[in-house]
């Protein structure tokens with residue numbers, strides 16, 4: 001194998017008259033093919049450029065149309081009314097039952113207890129004024145003795161049936177672990193409008 005001399009480096013030789021040569025070749029090609037072919041090639045290149053530009057415009061149009069559709073749907077959607085503190089308080093008071101409806105609310109509570117197989121032997125009722133608030137807290141304490149599942153069903157059904165009834169506390173007590181019944185002390189608070197707040 002012959003040794004390569006470092007002094008002998010391959011050099012790319014470019015002809016000094018290359019630009020003149022390319023111009024001459026272009027004129028010769030035009031003469032051979034004719035000016036119509038050159039114009040046709042130029043038109044084909046312009047058509048390709050126009051097609052590429054049209055594709056770009058169509059993609060942009062599609063994106064803008066999607067944005068306009070979203071904006072139109074958003075504008076057409078009903079706007080939720082702005083809830084102010086005053087309107088929220090007024091809605092709260094309108095939602096409360098009247099003071100005169102307390103007996104009906106208690107009858108409904110007793111009906112739910114009977115439906116859940118909860119015997120109500122006694123109950124304590126105590127109205128509580130809440131300062132200058134326009135509503136009254138009506139505290140209801142129910143000591144019951146029943147099956148735990150029935151007590152749980154009673155609590156859930158009562159809260160679902162009477163929307164202004166809140167569960168303040170519940171305490172369970174069982175005499176023996178294996179006993180089926182539990183003693184529960186349930187404290188509800190029923191919110192009603194004060195008597196002077198009639199609307």
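Residues in segment 110-121: is at least one in a helix (DSSP H, G or I), at pLDDT below 80 and either surrounded by 10 or more Cβ atoms within 10 Å (Cβ to Cβ) or out of contact with any strand residue (DSSP E or B) (no Cβ under 7 Å at 6 or more places or on another chain) (or both)? Full working, then the answer.
Step one: filter segment 110-121 for residues in a helix (DSSP H, G or I), giving 110-115.
Remaining after also requiring at pLDDT below 80: none.
Checking segment 110-121: not a single residue is in a helix (DSSP H, G or I), at pLDDT below 80 and either surrounded by 10 or more Cβ atoms within 10 Å (Cβ to Cβ) or out of contact with any strand residue (DSSP E or B) (no Cβ under 7 Å at 6 or more places or on another chain) (or both).
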Legend entry - So residue 167, is it in contact (Cβ under 8 Å) with a residue 40 or more places away in the chain and surrounded by 12 or more Cβ atoms within 10 Å (Cβ to Cβ): no
Inset, instruction - Identify, by number, the condition in (1) at pLDDT 80 or above; (2) outside any helix (DSSP H, G or I) that residue 8 doesn't meet. - result: (1)
Legend entry - Residue among 133, 158, 149, 179 that alone is assigned by TED's automatic domain parsing to the domain that holds residue 100, at pLDDT below 90 and assigned to a helix (DSSP H, G or I): 149
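The values are calculated or read from the model by the stated rules, or taken from the named source; none is laboratory data. All figures in this text were calculated on a predicted structure; none of them were measured in a lab. Backbone-built Cβ (ideal geometry, glycine too); neighbour counts: all protein chains shown.
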